[in-house]
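Notes follow once the structure below has been shown.
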Amino acid sequence: MAENTKETTTPNEEEVPEEERGIVARFKGILYLRGPARMIALGAAIGTFVAWLPIMGIQMSVAVPICLAIGANPLPAIPIIWLTNPLTALPIYGFNYWVGIQLVAGPDMATFRREFDAALKTLEASGAQAFASQLFDNGLRLAYPLWVGSAVVGGVLALMTYYGVLYGVMSVRFRLRRLRNKRRREEQERALAQ
């Protein structure tokens, strides 16, 4: 029971170093969330896996219910999902497709790039539903290798994310616990000295 209490400790605002309060803080903030470290890491892993799936535009509505259904913290999934956006879609999904065609048969990368560029223009003009529709109109010849590659890459990255975030959360909590104990000792020493 005491171990669970240690897992749920969270820092006060003044304990978060100044350099960790900027733009990168959105991702580092994951390390400072409340709750069991395993559930925070699981939420981050689910967000990573879903982010790499070719469902841009509906990733949030997929990741959050999955997190809630299995008891994971959905908050770490949110900034991770934002990694895939119209600017990063072609490199991410292009790499996923390349991995997919290494594992299953499919058209070459030039065909994928041409079809995906057309689908991205549709996304910008008409939204996520038209984007998905155009991708699926091209049939399984492009979708199957893309989904296979996305699942493989997403699975590997999700596993790495889980253990990386778990280690990070536990390290931050250990460091903060040590800092609190040091401050408490210093206060006690000052009180005794007076």
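The values are calculated or read from the model by the stated rules, or taken from the named source; none is laboratory data. Because the structure is predicted, anything quoted here is derived from the model rather than measured. Here the Cβ positions follow ideal geometry from the backbone for every residue, glycine too, while neighbour counts run over all protein chains shown. For accessibility, only protein heavy atoms count, side chains too; no ligands or nucleic acids. Shrake-Rupley method; radii C 1.70, N 1.55, O 1.52, S 1.80 Å.
Structure notes:
- Qualifying positions in segment 56-82 - surrounded by fewer than 20 Cβ atoms within 10 Å (Cβ to Cβ) and outside any helix (DSSP H, G or I): G57, I58, G71, P74, L75, W82
- Meets criteria (part of a loop (DSSP other than H, G, I, E, B), under 24 Å from A130 (Cβ atoms) and open to solvent by less than 50 Å² (accessible area, probe 1.4 Å)) for N85: yes
- Only one entry of Y93, Y144 meets the criterion of being aromatic (F, W, Y) and open to solvent by less than 10 Å² (accessible area, probe 1.4 Å), and that entry is Y93.
- A Cβ distance below 9 Å, combined with a sequence gap of six or more or placement on separate chains, defines the contacts here; from segment 153-176, residues that are closer than 23 Å to T84 by Cα reach residues that are surrounded by fewer than 16 Cβ atoms within 10 Å (Cβ to Cβ) in the pairs V153/F95.
- Filter result for L90 (modelled with pLDDT of 90 or more and more than 18 Å from K28 (Cβ to Cβ)): no
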